[in-house]
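The values are calculated or read from the model by the stated rules, or taken from the named source; none is laboratory data. Being a predicted model, the structure only gives us computed values, none of them experimental. Quick reminder, even Gly has a Cβ in these numbers, built from the backbone with ideal geometry, and neighbours come from all protein chains shown. Surface accessibility is based on the protein's heavy atoms, side chains included, excluding ligands, DNA and RNA. Shrake-Rupley method; radii C 1.70, N 1.55, O 1.52, S 1.80 Å.
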Amino acid sequence: MKVTLLPDLATFVAIVEHGSFSAAARIVGATPSALSRCVSRLEHEMGGKLLHRTTRKLALTETGKSVYEHALDMLEAAKQALDSGSSLQTVAQGRLTLSVPKAVGRFVIHPLIPEFLNRHPQIDVCLRLEDRYMDLIDDGVDLALRITNTPSPGLYGKALMPVTHIIGATPEYLRRAGIPQHPQDLRAHSCISLGETPADSRWKFALHGKTETVQTRGRYAANHTGVRLDAVKRHLGIGSLPLFTAREALACGEIVQVLPEWEFISSYSGDLWLLWTRNKHMPARMRAMINYLNEKMPVIQ
């Protein structure tokens, strides 16, 4: 294949990933007609169609699927070639993209970024707060943080800290509604849960090998940790919260932990893992962030 067609392959990948010529054109900064000419050049070189084009969508032909997969490999190889040069630099530099769950990003990672930027003036950081799964390669992510007990075996990684949950309320709410002495006492309280599934309002606790499950009720539920914390602060009830979210409010006495002797068991618990793809040549900017988070996490716990 002609070397001059390599940019066309990169453009072809963008068209497939964004689903249309117009969407890809906005990303690469070209016109849809220019992108169409790129595909035509490739099809002429391949001797066959790469795309089925309709007014509504694009679909890959069998040849197109094969070319797309090899083009992805080409782009990854190009990225590694660039990263190999970066890994030899003594000064960490360039753009670093982190994918982080929303609550972890807001309460754990974001507060650490200013110091990191001060330490590494030649690194730019893009923090992508996403609760959905993101593919590190396809989504252009350098490092990902995930709460899990089973990190992907296809990735390198390091457990940074445990993620545990508590239930808490304000002193004012507890003065008004009473202090629960046992998990079953929560039936008489307004409880603020995640609210995504019916199971989110069934709270489970453990103490000395014994477990208790209680069906809680409340007039308010929110699937955002920061919103639940704010609702608790506004005396709306007893809320389920990750400890990393509640720590500051607990420390200043704004809220107090309810049933502190009981372990609150959440399906969203686990270890916070820092993950990255297998890469022989790790860029210096990635190593800088890995080392920084490894340094800071023991302080946060």
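Worth a mention:
- With respect to the conditions (1) under 26 Å from residue 102 (Cβ atoms); (2) out of contact with any helix residue (DSSP H, G or I) (no Cβ under 7 Å at 6 or more places or on another chain), residue 179 falls short on a single one, namely (1).
- Taken together, the residues in the stretch 33-78 that are under 15 Å from residue 16 (Cβ atoms), over 30 Å from the mean Cα position of the chain (by Cα) and basic (Lys, Arg) amount to 2.
- Of residues in the stretch 40-58 being touching a Leu at 6+ places or on another chain (Cβ under 9 Å) and under 12 Å from residue 15 (Cβ atoms), the one modelled with the lowest pLDDT: 58
- Selected residue [out of contact with any helix residue (DSSP H, G or I) (no Cβ under 8 Å at 6 or more places or on another chain) and either among the polar types (S, T, N, Q) or under 30 Å from residue 18 (Cβ atoms) (or both)] from 197, 170, 164: 197
- Restricted to the stretch 253-268, and to residues there that are open to solvent by less than 40 Å² (accessible area, probe 1.4 Å) and out of contact with any helix residue (DSSP H, G or I) (no Cβ under 8 Å at 6 or more places or on another chain), the residue that is farthest from residue 214 (Cα to Cα) is 266.
- Residue 11 vs. criteria under 30 Å from the mean Cα position of the chain (by Cα) and polar (S, T, N, Q): yes
- Inclusion of residue 17 among residues that are at pLDDT 85 or above and in a helix (DSSP H, G or I) is not warranted.
- Some residue of the stretch 122-135 being over 25 Å from residue 246 (Cα atoms), modelled with pLDDT of 90 or more and open to solvent by 50 Å² or more (accessible area, probe 1.4 Å): yes
- Taking every residue in the stretch 58-84 that is under 14 Å from residue 137 (Cα atoms) and among the hydrophobic types (A, V, I, L, M, F, W, C) and pairing it with any residue that is at pLDDT 80 or above and part of a helix (DSSP H, G or I), at least 6 positions away or on another chain, the pairs with Cβ-Cβ distances below 7 Å are 71/9; 71/12; 71/13; 72/13; 74/9; 75/10; 75/13.
- Screening residue 237 on (1) touching a Cys at 6+ places or on another chain (Cβ under 8 Å); (2) open to solvent by 60 Å² or more (accessible area, probe 1.4 Å); (3) at positive phi shows it passes everything except condition (2).
- Residue list for the stretch 176-211, restricted to those being surrounded by 11 or more Cβ atoms within 10 Å (Cβ to Cβ), among the basic types (Lys, Arg) and more than 33 Å from the chain's Cα centre (by Cα): 187
- Subset of the stretch 18-32 that is open to solvent by 50 Å² or more (accessible area, probe 1.4 Å) and among the aliphatic types (A, V, I, L, M) - its residue that is nearest to the chain's Cα centre (by Cα): 27
- Candidates 26, 37 - the one that is farther than 28 Å from residue 146 by Cβ and modelled with pLDDT of 85 or more: 37
- Considering (1) crowded, with 16+ Cβ neighbours inside 10 Å; (2) within 20 Å of the chain's Cα centre (by Cα); (3) of a type outside the set (Asp, Glu), the lone condition that residue 223 does not fulfil carries the number (1).
- Test: residue in the stretch 106-120 that is open to solvent by 70 Å² or more (accessible area, probe 1.4 Å), assigned to a loop (DSSP other than H, G, I, E, B) and touching a Ser or Thr at 6+ places or on another chain (Cβ under 9 Å): no
- Filtered by the rule that a residue be assigned to a helix (DSSP H, G or I), under 20 Å from residue 228 (Cβ atoms) and open to solvent by 30 Å² or more (accessible area, probe 1.4 Å), the stretch 140-175 gives 171, 172.
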